[in-house]
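Before any comments, here is the structure.
The values are calculated or read from the model by the stated rules, or taken from the named source; none is laboratory data. No experiment lies behind these values; they were computed from the predicted model shown. Please note: Cβ atoms are built from the backbone with ideal geometry, for glycine as well, and neighbour counts cover all protein chains shown. Just the protein is used for accessible areas: all its heavy atoms, side chains included, with ligands, DNA and RNA removed. Shrake-Rupley method; radii C 1.70, N 1.55, O 1.52, S 1.80 Å.
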Amino acid sequence: MIKKLIRSILGKGKKTAGAAGGSTEPDVLGPKQHGIDPSLVSPNAVRVTQTLQEAGFKAFIVGGAVRDLLLSVKPKDFDVATNATPEQVKALFRRAFIIGRRFQIVHVMFGQELIEVTTFRGASADSAPKDEHGRVLRDNTFGEQHEDAVRRDFTINAMYYDPASQTVLDYHGGIADIRAKTLRIIGEPEARYREDPVRMLRVVRFAAKLKFTIDPASSKPIRVMAPLIDNVPAARVFDEMLKLLMSGHALACLQQLRKEGLHHGLLPLLDVVLEQPLGEKFVTLALANTDARVKQGKPVSPGFLFASLLWHQVLEKWRAYQAAGEFPIPALHLAADDVLDAQTEKLALQRKIASDMRDIWAMQPRFERRVGKAPYKLLEHLRLRAGYDFLLLRCESGELDAELGEWWEAFIAGNGAEREELIARKPADASSGPAPKKRKRRGGRNRSKSGAPGEQSFDDQAPAEPATAAETAAPEPQDGPAAGDGEAPKRRRRRRSGSGGGSSGNDQAPAAGGE
């Protein structure tokens with residue numbers, strides 16, 4: 001009571017208007033008011049703030065971690081804000097690295113956990129480099145804590161938590177917005193989106209993930225300003241899209257993107273796919289499965305996710321190339337090249353992710369080859385599980401006959417005798433359609449040159465799988481009785497002879513995983 005009276009007399013309890021409608025004095029909330037459970041806070045984040053405070057600096061857990069703590073959710077990542085410069089932060093920790101060009105930050109490593117430490121940012125200088133659309137290119141202006149709060153994107157992300165005193169500092173009414181489940185941008189929305197267009201993707205991700213309503217003033221400019229995202233470096237857009245799609249609320253995020261008019265251009269033709277019954281069902285199933293895995297704490301493959309989102313574009317081009325006279329496997333690789341090349345302009349897909357996508361796509365026609373040794377060889381593929389799950393999505397969406405997925409489910413789970421029985425009765429099935437005949441005709445043309453069976457033409461078009469080396473060294477027991485394939489030994493001898501210096505097939509499709 002006495003302290004409150006003194007502050008009232010001296011005027012220290014009054015807030016002073018700050019930039020963008022904020023204040024230089026925050027609301028201070030104690031443990032009973034904010035209700036944060038200290039056990040949810042990372043010990044390493046506490047260690048960082050403690051080390052900085054003991055060195056004479058201010059230090060707080062900040063941003064999304066505080067938001068999640070207030071929602072009683074254990075944060076995945078912890079960020080720390082301080083008035084120490086990046087060089088001063090780096091000097092206090094053994095494993096600390098300064099990164100960033102647009103704004104320097106410090107990564108402090110504790111085993112596998114990374115704590116990101118940023119210096120309080122000051123008001124953006126008018127002299128800061130910007131592009132012709134107003135996007136800030138570089139801004140290493142440091143400042144006071146209240147200025148740093150103004151520079152943050154949303155009110156719910158502009159709160160500071162001190163683990164030592166267990167207090168929360170709220171400069172922009174973030175607590176009230178969390179309780180009202182409202183997402184509100186700090187400052188004038190149009191100017192903030194122009195400074196960093198990625199904020200438009202972030203507002204969509206947070207609204208979908210938290211089930212918050214976007215404040216009308218924050219939502220209104222998005223549809224008009226959406227084209228500004230084209231000016232953002234592809235790597236930043238990809239990182240944000242990956243966060244969005246692996247948030248555990250990918251389907252809701254995609255629906256929110258469409259609602260706000262942001263889906264055009266991010267994943268070319270995705271909006272068209274979602275308007276087609278078959279494509280919409282396939283993408284919906286893929287995103288729903290991804291969300292379920294995230295919520296169960298299971299790992300999610302970005303390659304599988306993007307392969308699912310872009311599959312119907314590949315499928316459309318694949319059919320077009322075949323209609324133009326290309327054979328199925330080369331046509332599939334050409335289609336994959338076209339789609340991935342188009343994506344490179346919008347999203348900086350990492351090489352490994354693109355390789356995984358190619359492998360998953362290239363395996364799909366191989367699942368339809370259920371004779372001879374082909375199914376056994378596919379079991380050795382490093383991406384079998386991903387390709388098989390992808391096949392099941394295609395069956396579930398109605399793109400393929402469900403019998404194909406059931407056959408492979410039985411073949412993967414079966415023992416040697418059961419697998420032989422499945423292969424033996426496969427030729428009697430009508431599900432294979434005319435495709436095997438086409439492959440036999442191709443093999444017939446090549447038989448005079450190589451002496452290989454008709455189906456070998458598939459393997460001639462691309463490199464063998466990594467597991468083939470093991471097969472040539474010591475053939476698997478179950479391969480022996482598989483469908484009486486007399487030509488199989490010839491196939492292995494031919495591969496062995498060319499394994500030393502590589503083959504022309506390796507130049508055609510390096511990431512095809514055997515197709």
Can you pull the one-decimal nm distance between simple spin-label points at Ala123 and Ala320, each 7 Å off the Cα toward Cβ?
-> 5.3
Full extension from Thr24 to Arg351: what is 0.36 nm times the residue separation minus their Cα-Cα distance, to one decimal in nm?
-> 113.1 nm
Length gained when the stretch Asn415-Ala55 is fully extended (0.36 nm per residue, less Cα-Cα span) = 123.1 nm
Are any of the pairs Lys281/Lys352; Lys317/Lys377; Lys76/Lys181; Lys243/Lys298; Lys295/Lys317 more than 25 Å apart by Cα-Cα distance, and if so, which?
-> Lys281/Lys352; Lys317/Lys377; Lys295/Lys317
Other-chain or far-sequence residues with amide H under 5 Å of Leu183's (modelled H) | Thr213, Ile214, Asp215
Local electrostatic count, Ala176, Cβ distance below 10 Å [Lys/Arg +1, Asp/Glu -1] | -1
Placing each pseudo-label 7 Å from Cα in the direction of the beta carbon, Asp77 and Asn231 end up separated by a distance in nanometres of 2.5
Which whole-Hz ³J(HN,Hα) couplings does region 51-57 yield from phi under the Karplus relation 6.51 cos²θ - 1.76 cosθ + 1.60, θ = phi - 60°, glycine and proline marked x?
-> 4, 5, 5, 5, 8, x, 9
Could you tell me whether region 335-422 comes out rounded, prolate or oblate from its Cα gyration tensor? Rule is a ≥ b ≥ c as square roots of the eigenvalues, rounded for a/c under 1.5, then prolate if a/b exceeds b/c, otherwise oblate.
-> prolate
Excluding ligands, DNA and RNA, what is the solvent-accessible area per residue of region 314-365 at a probe of 1.4 Å, expressed in Å²?
-> 46
What FRET efficiency do you get for Leu278 and Asn44 if R0 is 60 Å and r is their Cβ-Cβ distance, rounded to the nearest 0.05?
-> 0.80
Keeping every protein chain in place, order Arg223, Arg369, Arg202 by accessible area at 1.4 Å, biggest value first, i.e. largest first.
-> Arg223, Arg202, Arg369
So how far apart, in nm, are the two label points at Asp162 and Phe110 if each is 7 Å from Cα heading toward Cβ?
-> 2.0
If eta is 0.890 mPa s and T is 25 °C, what Stokes-Einstein diffusion coefficient results for region 146-263, Kirkwood Rh from Cα pairs, in µm²/s?
-> 166
Convert each backbone phi in region 141-152 into a coupling constant with the Karplus relation 6.51 cos²θ - 1.76 cosθ + 1.60 (shift: θ = phi - 60°), then list the ³J(HN,Hα) values in order as whole Hz, x for Gly and Pro.
-> 7, 9, x, 8, 5, 5, 6, 4, 5, 5, 6, 6
